[in-house]
Amino acid sequence: MINPMDLLRSNLSRVRIPEPTNRIYKQECCISFDTPRSEGGLFVDMNTFLAFGKDCVGWNYDKTGNPVYLHIKQTKVLVPEDRPSKKPTLMAIGVDGGFDNNEPEYEETHSIVLLPDYVTLPFPSVELPEKVRLAVDAILLAEGAERKEQLAAWTAEKKQVSAYAMNLQQIDNGIVVPSSGWKCSKCDKRENLWLNLTDGTILCGRKNWDGTGGNNHAIEHYKETCYPLAVKLGTITADLEGADVFSYPEDDSVLDPLLAQHLAFFGIDFSSLQKTEMTTAERELDQNTNFDWNRIQESGQEVEPIFGPGYTGLVNLGNSCYMAATMQVVFSTHIYFIRYYKNRSLKLAFEKAPADPTVDLNMQLTKLAHGLLSGKYSVPVAEGKDDPNATATTTKSKQEGIPPRMFKAVIAASHPEFSSMRQQDALEFFLHFLDQVERAHAGKPEADPARSFKFGIEDRILCSSGKVAYNRRLDYILSLNIPLHAAINKEELEAFQKLKAEKISEGKEVSSDEIVRPRVPLEACLASFSSPEEIQDFYSTALKAKTTAVKSGGLTSFPDYLVLHMRKFVMEVGWVPKKLDVYVDVPDIIDISHMRSKGLQPGEELLPEGVPGEEEEPNKPVADESIVSQLVSMGFSHLHCQKAAINTSNTGVEEAMNWLLSHMDDPDIDAPISEGGQNVVDQSKVDMLLSFGFQEDVARTALKASGGDIEKATDWIFNNPDASVSTDMDATTSENAPTAADAGLPDGGGKYRLIGIVSHIGTSTQCGHYVAHIFKDGRWVIFNDDKVGASVNTPKDMGYLYFFERLNS
């Protein structure tokens with residue numbers, strides 16, 4: 001029998017001392033969700049610094065031959081039940097000042113383990129070779145790669161000094177603000193009051209998405225006066241840094257270094273004021289601290305927790321609920337269950353993975369699938385499972401869930417927004433996820449599970465000449481407008497509007513119980529997609545002129561899984577995004593057979609292909625000759641002046657001049673307009689659309705389709721959600737035969753069953769909270785991050801994304 005120390009010395013060549021640049025995994029297994037707290041602990045490969053659970057470390061030895069491992073085991077330490085929890089001062093998890101979470105304390109032990117026989121040597125020990133001791137010390141001292149890549153935290157940004165503070169104009173109108181007894185000057189609100197620092201007006205704050213809060217009088221006052229800064233009354237104390245100052249033009253909480261002076265102007269002695277209101281940040285902290293998911297998601301119903309295979313929650317990594325809700329529904333589909341769980345073991349995925357399995361999407365998808373579906377990690381958390389006195393009654397009605405850190409790191413690697421800790425749009429994430437899965441299966445489309453969501457859309461365009469064109473595209477989601485005019489509760493809505501007007505006139509607030517929302521049937525949303533729509537300024541190759549055409553849409557194939565996206569977010573006047581406060585009645589079974597596109601019909605005649613040069617090009621822009629002539633008189637080239645007028649949408653001589661001076665060195669400045677000018681749009685308008693969150697190629701297409709008008713371009717984008725650079729509304733013909741890409745898509749009957757809902761709470765997709773409801777084992781189940789339970793009051797009418805599975809006839 002060989003001496004363990006001699007065995008270790010014979011394998012010293014397989015031990016590396018980590019460099020500062022090495023990624024060291026020591027908090028989670030690379031191919032399972034085992035941690036040092038798991039029963040078998042965690043084994044860190046001392047050559048690659050990858051970590052493995054007890055069930056997986058042998059596979060790594062078989063694959064790499066690396067025999068030396070640092071074994072890390074954490075055991076819970078009993079702490080007094082009455083240990084006080086620290087009050088958070090930062091919007092953060094896992095950092096100083098953040099949420100305490102009352103997590104138990106653990107004792108950590110280490111040892112050196114040699115495979116394949118699991119020979120164990122204690123650590124620390126002076127008898128160990130120096131190289132091993134240095135390597136272990138470096139591993140233990142290093143920040144884990146898991147924590148580096150995605151801290152389990154979100155921390156609010158520090159407030160900045162307002163650009164308006166130092167030169168703020170204040171109006172001497174005789175107003176002296178009392179030290180208490182404040183009331184909104186436009187209604188009876190006595191809470192959430194803001195003092196405008198320019199004119200001393202006291203007004204109520206914004207109305208929240210759920211009807212609570214103020215009546216928007218402070219923000220409306222800013223829109224009328226442009227007075228930029230306001231301070232929240234009740235947050236002013238001797239510590240002025242704690243006061244809540246808001247800048248309307250900067251749309252953020254800010255610092256006002258001259259706040260004492262600005263308050264004194266209205267007779268406020270801040271040193272004598274007591275704090276009576278929470279700041280915006282504190283209110284946000286309070287809402288998150290007291291976040292009651294039962295009340296918000298299930299109308300206060302008592303939700304029974306569920307455990308076992310397929311009922312595993314996902315730990316929120318910090319605003320990652322959009323990912324958690326989406327992936328729970330994705331892995332509830334049969335195709336992803338088969339592809340990444342039933343037919344793909346963790347061992348097989350690891351054997352096929354590259355040397356670093358943490359960067360392989362297939363490996364991390366398989367890991368996530370087994371974590372969610374096996375039931376291994378879906379177990380009740382016991383209050384004192386290490387306490388010999390613990391009983392069944394001490395079991396918590398919750399589970400710990402699994403943290404999808406490695407999956408997020410891989411799926412977000414090519415996307416800067418999803419790599420951040422900010423809230424994201426679940427729809428955008430779902431499309432990005434499917435795109436990444438499709439890329440991972442390049443060359444093997446038959447094995448690509450993303451194709452189960454893919455389908456063809458066909459637009460039929462009827463020209464006033466009587467001839468038609470058919471345009472086709474592929475998509476993963478069917479995006480639907482919500483026609484509010486189709487609401488089925490119009491009488492109740494009218495009565496509510498009257499009640500609301502009366503309450504406002506009396507200075508009262510409408511209670512949440514009194515609010516009536518439009519209720520629109522899903523059938524109306526589907527009909528809105530297919531119904532004929534007029535297209536203005538459609539260039540007809542038959543008439544060789546612009547005319548009015550009628551567009552209608554249909555599907556060329558029906559996918560295995562149909563995802564409906566409800567367009568609840570619209571753009572209001574002034575480019576303000578707004579969420580429609582509406583219910584959509586969604587049945588459990590839908591039939592979209594009538595939406596199948598029929599293609600070119602007998603007797604229909606296709607629009608002819610355009611013949612370049614035969615007539616004036618349909619999309620060739622026209623310059624305002626008055627602008628051109630004025631610029632030419634200044635000595636500029638006629639062609640350059642035409643381009644300047646066209647690229648500034650003929651808005652004026654000054655704008656055209658500015659464009660011309662900044663584009664004189666463009667390589668295509670001398671290209672004829674028919675060749676080079678047609679595809680150029682005003683970059684400032686593109687930038688404006690980009691600031692709204694639209695993609696650049698879509699923004700350019702929309703501006704070209706709308707003659708450079710930003711408002712029309714925005715409407716065009718919302719009316720053409722699937723638009724891309726290749727989508728051309730003036731395209732003339734498209735043969736009826738399916739394209740190569742279309743031919744291999746799944747297809748079948750048009751009957752579908754609702755299997756999943758992703759819902760959103762909040763005023764914008766960039767904030768708020770996402771949850772999923774999934775139909776499993778004959779009942780609806782709510783998945784709210786790491787909480788999983790039987791749904792009592794499933795909000796089928798409040799979904800943002802609806803997932804349907806095709807019924808086999």
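Whether any residue in region 463-475 is loosely packed, with under 14 Cβ neighbours inside 10 Å and in contact with a Cys (Cβ under 6 Å, 6 or more places away or on another chain) is what I want to check.
Going through region 463-475, the residues loosely packed, with under 14 Cβ neighbours inside 10 Å turn out to be 466.
Applying the additional criterion that residues be in contact with a Cys (Cβ under 6 Å, 6 or more places away or on another chain) yields none.
Checking region 463-475: not a single residue is loosely packed, with under 14 Cβ neighbours inside 10 Å and in contact with a Cys (Cβ under 6 Å, 6 or more places away or on another chain).
Name every residue in region 768-801 that is open to solvent by less than 50 Å² (accessible area, probe 1.4 Å) and either free of Cβ contacts under 8 Å to residues at least 12 places away in the same chain or part of a loop (DSSP other than H, G, I, E, B) (or both), in order of residue number.
The answer is Gly768, Asp785, Asp786, Ser791, Thr794, Pro795.
Out of curiosity, is His432 over 25 Å from the mean Cα position of the chain (by Cα) and assigned to a helix (DSSP H, G or I)?
Values: over 25 Å from the mean Cα position of the chain (by Cα): no; assigned to a helix (DSSP H, G or I): yes.
No; evaluated as a whole, the condition is false for this residue.
Just checking, does region 22-37 include any residue being open to solvent by 40 Å² or more (accessible area, probe 1.4 Å), within 20 Å of Thr109 (Cβ to Cβ), of a type in the set (D, E, K, R) and assigned to a loop (DSSP other than H, G, I, E, B)?
There is at least one residue in region 22-37 that is open to solvent by 40 Å² or more (accessible area, probe 1.4 Å), within 20 Å of Thr109 (Cβ to Cβ), of a type in the set (D, E, K, R) and assigned to a loop (DSSP other than H, G, I, E, B).
Between a first residue in region 120-137 that is assigned to a helix (DSSP H, G or I) and a second residue that is surrounded by 12 or more Cβ atoms within 10 Å (Cβ to Cβ) and of a type in the set (Phe, Trp, Tyr), which pairs have beta carbons less than 9 Å apart while being 6 or more apart in sequence or on different chains?
Val132/Phe123; Arg133/Phe123; Val136/Phe123
Which is within 28 Å of the chain's Cα centre (by Cα) and open to solvent by less than 50 Å² (accessible area, probe 1.4 Å), of Ile219, Ile202, Ile236? Outline the logic, then answer.
On the way: Ile202 fails: within 28 Å of the chain's Cα centre (by Cα); Ile236 fails: within 28 Å of the chain's Cα centre (by Cα).
Of the residues listed, the single one that is within 28 Å of the chain's Cα centre (by Cα) and open to solvent by less than 50 Å² (accessible area, probe 1.4 Å) is Ile219.
Of (1) at pLDDT 90 or above; (2) surrounded by fewer than 18 Cβ atoms within 10 Å (Cβ to Cβ); (3) in contact with a Gly (Cβ under 8 Å, 6 or more places away or on another chain), Ala163 satisfies all except one. Which?
(3)
When you scan region 712-721, do you find a residue that is in a loop (DSSP other than H, G, I, E, B), among the hydroxyl-bearing types (Ser, Thr, Tyr), modelled with pLDDT under 90 and closer than 24 Å to Phe529 by Cβ, even just one?
Within region 712-721, the first condition is being in a loop (DSSP other than H, G, I, E, B), and the residues that meet it are 720-721.
Of the ones still in play, those that are also among the hydroxyl-bearing types (Ser, Thr, Tyr) are none.
For region 712-721, residues in a loop (DSSP other than H, G, I, E, B), among the hydroxyl-bearing types (Ser, Thr, Tyr), modelled with pLDDT under 90 and closer than 24 Å to Phe529 by Cβ: absent.
Please name all residue pairs, on different chains or six or more residues apart, with Cβ atoms under 6 Å, provided the first residue is in region 506-527 and is closer than 14 Å to Asn215 by Cβ and the second residue is open to solvent by less than 60 Å² (accessible area, probe 1.4 Å) and in a helix (DSSP H, G or I).
Every condition considered, the pairs that remain are Val510/Lys503.
Step by step: first the residues of region 612-636, then only those that are under 29 Å from Thr548 (Cα atoms) and open to solvent by 90 Å² or more (accessible area, probe 1.4 Å), then the one that is modelled with the highest pLDDT. Which residue is that?
Glu625
Determine, yes or no, whether Lys579 is at pLDDT 80 or above and within 39 Å of the chain's Cα centre (by Cα). I'd like the intermediate steps shown before the answer.
Working: at pLDDT 80 or above: no; within 39 Å of the chain's Cα centre (by Cα): yes.
For Lys579, the condition - at pLDDT 80 or above and within 39 Å of the chain's Cα centre (by Cα) - is not met.
I'd like to verify a number: residues in region 440-453 that are open to solvent by 40 Å² or more (accessible area, probe 1.4 Å) and at pLDDT 90 or above, how many?
2
I want to confirm something. Restricting to region 528-568 and keeping residues that are basic (Lys, Arg) and in a strand (DSSP E or B), which single residue is least open to solvent (accessible area, probe 1.4 Å)?
Pass one, region 528-568, residues basic (Lys, Arg): 544, 546, 551, 567-568.
Pick out the ones that are also in a strand (DSSP E or B) and you get 546, 551.
Details: Lys546: 116, Lys551: 22 Å².
The selected residue is Lys551.
Report the residue count in region 484-527 for those that are under 20 Å from Ser552 (Cβ atoms) and surrounded by fewer than 16 Cβ atoms within 10 Å (Cβ to Cβ).
3
Of everything in region 649-664 that's among the hydrophobic types (A, V, I, L, M, F, W, C) and part of a helix (DSSP H, G or I), which residue is most open to solvent (accessible area, probe 1.4 Å)? Talk me through it step by step, then tell me what you get.
Of the residues in region 649-664, the ones among the hydrophobic types (A, V, I, L, M, F, W, C) are 653, 656-657, 659-661, 664.
Add one more test, that the residue is part of a helix (DSSP H, G or I), and what stays is 653, 656-657, 659-661.
Working: Val653: 37, Ala656: 0, Met657: 42, Trp659: 25, Leu660: 0, Leu661: 107 Å².
Across region 649-664, the extreme among qualifying residues is Leu661.
List the residue pairs whose Cβ atoms are under 9 Å apart, where the first residue sits in region 214-236 and is more than 21 Å from Gln261 (Cβ to Cβ), the second is hydrophobic (A, V, I, L, M, F, W, C) and open to solvent by 30 Å² or more (accessible area, probe 1.4 Å), and the two are 6 or more positions apart or on different chains.
Sorted first by the residue in region 214-236, then by its partner, the pairs are Asn215/Ile504; Ala218/Phe246.
Can you spot a residue in region 305-319 that is assigned to a helix (DSSP H, G or I), touching a strand residue (DSSP E or B) at 6+ places or on another chain (Cβ under 9 Å) and touching a residue at least 60 places away in the same chain (Cβ under 8 Å)?
Residues of region 305-319 that are assigned to a helix (DSSP H, G or I), as a first pass: none.
No, region 305-319 contains no residue that is assigned to a helix (DSSP H, G or I), touching a strand residue (DSSP E or B) at 6+ places or on another chain (Cβ under 9 Å) and touching a residue at least 60 places away in the same chain (Cβ under 8 Å).
The values are calculated or read from the model by the stated rules, or taken from the named source; none is laboratory data. What you see is a predicted model; the values in this text were computed from it and never measured. Neighbour counts run over all protein chains shown; Cβ positions are idealised from the backbone, glycine included. The protein model used for the area step is the full one, side chains on, heavy atoms only, and it has no ligands, DNA or RNA in it. Shrake-Rupley method; radii C 1.70, N 1.55, O 1.52, S 1.80 Å.
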